[in-house]
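Worksheet: the structure to be examined is printed underneath.
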Amino acid sequence: MKRILVTGGAGFIGSFLCERLLAENNEIICLDNFFTGSKKNIRHLLENRSFELVRHDVTQGILLEVDQIYHFACPASPVHYQYNPVKTIKTSVMGTINMLGLAKRVRARILLASTSEVYGDPKVHPQTEAYWGNVNPIGIRSCYDEGKRVAETLMMDYHRQNNVDIKIIRIFNTYGPRMALDDGRVVSNFIIQALRNEDITVYGEGNQSRSFCYVDDLVNGIISMMNREEFIGPVNLGNPNEFTILELAEKVIELTGSKSEIKYLPLPQDDPVQRQPDISLAREKLNWEPNVQLDEGLKKTIAYFDAALSDANR
Ligand code: NAD
Ligand code: UDP
């Protein structure tokens with residue numbers, strides 16, 4: 001049994017992590033400022049005596065005694081991370097410094113949730129961990145992309161300079177239940193629009209691609225990485241099956257039986273053209289690969305949003 005801190009624990013991925021780590025008989029401290037997360041995501045855990053919820057902003061330091069830190073606090077949807085870009089970069093930079101300081105003091109192992117966005121608009125396809133990326137340092141996505149790149153640098157420097165026990169994962173587009181209704185990322189947007197029979201908002205011509213990973217698969221990979229000795233990463237975690245955004249829209253319409261039509265809107269600035277993880281390293285070092293394919297994951301996510309929308313209308 002370990003005492004584990006999950007920052008961003010009330011968010012989409014963080015809440016699944018808290019749930020799984022509790023089920024494995026650990027003590028969990030879930031820390032969140034509720035910017036994009038919600039108590040609803042972890043309400044079912046509050047009765048558990050091994051679960052503690054702390055409202056706190058990672059840009060401020062905190063004193064805790066823990067064995068492991070899963071550092072997930074950071075808005076992940078472009079809509080939310082661009083809402084207050086200065087705060088986003090502070091969250092990545094100051095938040096990661098604070099968590100690394102804590103890890104150093106109490107000798108905890110710390111895992112950073114980094115992102116495929118460190119590859120920017122990639123010129124190498126699929127993306128391997130060896131690729132340094134193609135990131136615009138002054139665009140509207142930079143607060144997030146560059147913030148995560150600095151967070152990775154901080155992890156490596158605390159490791160080299162102070163011997164902090166670190167792990168870095170680069171997460172590719174992940175979806176599933178508990179994404180917020182107003183999250184704004186593509187899977188939740190399309191599903192909600194389809195369930196409401198509203199227009200499906202495809203940005204650009206919809207020929208940009210993404211590779212979508214179901215959250216349960218991702219959580220398996222995250223926990224394997226945290227507990228893998230002698231490998232610090234970075235390691236890509238994602239599902240290599242790649243789809244265009246138009247294909248995703250058509251799939252969601254088909255699976256929901258919706259009357260929605262596709263509406264084309266302007267492509268946001270710096271929107272990456274293609275993205276697909278090379279997961280050879282995760283296969284080799286973690287013996288991990290995703291099992292849930294898009295249709296199956298979408299069906300589960302659609303069922304969740306169907307119920308969440310009925311609840312919201314009640
Ligand atoms: P999310 O927005 O649902 O979760 C982020 C959580 O962090 C929320 O609960 C939010 O309230 C909390 N948070 C934000 N700023 C904070 C701060 N300053 N102090 C404390 N808490 C704060 O997003 P998610 O999809 O669950 O993403 C979680 C992590 O995984 C993020 O670090 C994100 O960058 C990373 N990631 C996610 C994806 C994905 O596809 N979902 C891809 C790459 C990386
Ligand atoms: N996108 C879209 N319609 C939406 C939301 C997003 O066409 O309602 C597109 C967006 O332009 C991008 C892709 O879907 O090309 C994935 O967007 P998301 O915000 O989910 O994640 P990211 O761009 O960070 O991968």
Open item on the list: Between Phe16, Phe12, which is touching a Lys or Arg at 6+ places or on another chain (Cβ under 6 Å), under 26 Å from Ala312 (Cα atoms) and crowded, with 17+ Cβ neighbours inside 10 Å?
Closed with: Phe12
- [ ] With the condition kept exactly as written, say whether any residue in segment 294-312 is in a loop (DSSP other than H, G, I, E, B) and either over 25 Å from the mean Cα position of the chain (by Cα) or at pLDDT 95 or above (or both).
- [x] no
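Somewhere in segment 156-165, is a residue within 25 Å of Ser15 (Cα to Cα) and not hydroxyl-bearing (Ser, Thr, Tyr)?
yes
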Task: Within segment 1-19, tally of residues that are away from ligand 1 (no atom under 14 Å from the Cβ) and touching a helix residue (DSSP H, G or I) at 6+ places or on another chain (Cβ under 9 Å) - done: 2
TODO: Write out, first by first residue and then by second, each pair whose Cβ atoms fall under 6 Å of each other, whose residues are 6+ apart or on separate chains, and whose first residue, in segment 244-271, is on the phi < 0 side of the Ramachandran plot while the second is small (Gly, Ala, Ser) and outside any loop (DSSP other than H, G, I, E, B).
DONE: Thr244/Ser209; Val252/Ala194; Ile253/Ala194; Thr256/Ala194; Ser258/Ala194; Ser260/Ala194; Ile262/Ala249
Open item on the list: Checking the conditions here, which among Gly133, Gly147, Gly139 is of a type in the set (Gly, Ala, Ser), under 15 Å from the mean Cα position of the chain (by Cα) and within 16 Å of ligand 2 (Cβ to nearest atom)?
Closed with: Gly147
- [ ] Restrict the check to segment 74-89 and report whether at least one residue is buried (at least 16 other Cβ atoms within 10 Å of the Cβ), more than 29 Å from Ile28 (Cβ to Cβ), within 16 Å of ligand 2 (Cβ to nearest atom) and without any contact (Cβ under 8 Å) to a residue 40 or more places away in the chain.
- [x] no
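If you scan segment 82-113, which residues turn out to be assigned to a helix (DSSP H, G or I) and of a type in the set (Gly, Ala, Ser)?
Within segment 82-113, Ser92, Gly95, Gly101, Ala103 meet the criteria.
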Task: Of all residues making up segment 160-203, the number that are more than 10 Å from ligand 1 (Cβ to nearest atom) and closer than 27 Å to Gly233 by Cα - done: 9
Task: Checking Val252 against (1) within 29 Å of Tyr70 (Cβ to Cβ); (2) surrounded by 14 or more Cβ atoms within 10 Å (Cβ to Cβ), the condition it does not meet - done: (1)
Open item on the list: Please go through segment 231-269 and give me each residue that is assigned to a loop (DSSP other than H, G, I, E, B) and away from ligand 1 (no atom under 16 Å from the Cβ), ordered by number.
Closed with: Phe231, Ile232, Gly257, Ser258, Lys259, Ser260, Glu261, Pro266, Leu267, Pro268, Gln269
Task: Residue check for Ile138: crowded, with 23+ Cβ neighbours inside 10 Å, more than 23 Å from Ile69 (Cβ to Cβ) and either away from ligand 1 (no atom under 12 Å from the Cβ) or not β-branched (Val, Ile, Thr) (or both) - done: no
Task: Qualifying position, being more than 21 Å from Gly11 (Cβ to Cβ), among the acidic types (Asp, Glu) and surrounded by fewer than 23 Cβ atoms within 10 Å (Cβ to Cβ), among Asp183, Asp199, Asp217 - done: Asp199
Task: Leading residue by the ranking (farthest from Ile89 (Cα to Cα)) among those in segment 111-161 that are among the acidic types (Asp, Glu) and touching a residue at least 12 places away in the same chain (Cβ under 8 Å) - done: Glu129
Open item on the list: For the list (1) out of contact with any strand residue (DSSP E or B) (no Cβ under 9 Å at 6 or more places or on another chain); (2) outside any loop (DSSP other than H, G, I, E, B); (3) among the β-branched types (Val, Ile, Thr), I need the number of the one condition that Thr36 fails.
Closed with: (2)
Task: Meets criteria (hydrophobic (A, V, I, L, M, F, W, C), closer than 24 Å to Thr128 by Cα and near ligand 2 (Cβ under 8 Å from one of its atoms)) for Val186 - done: yes
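The values are calculated or read from the model by the stated rules, or taken from the named source; none is laboratory data. Source: prediction; values computed, not measured. Every residue, glycine as well, gets a Cβ built from its backbone with ideal geometry; the counts of neighbours run over all protein chains shown.
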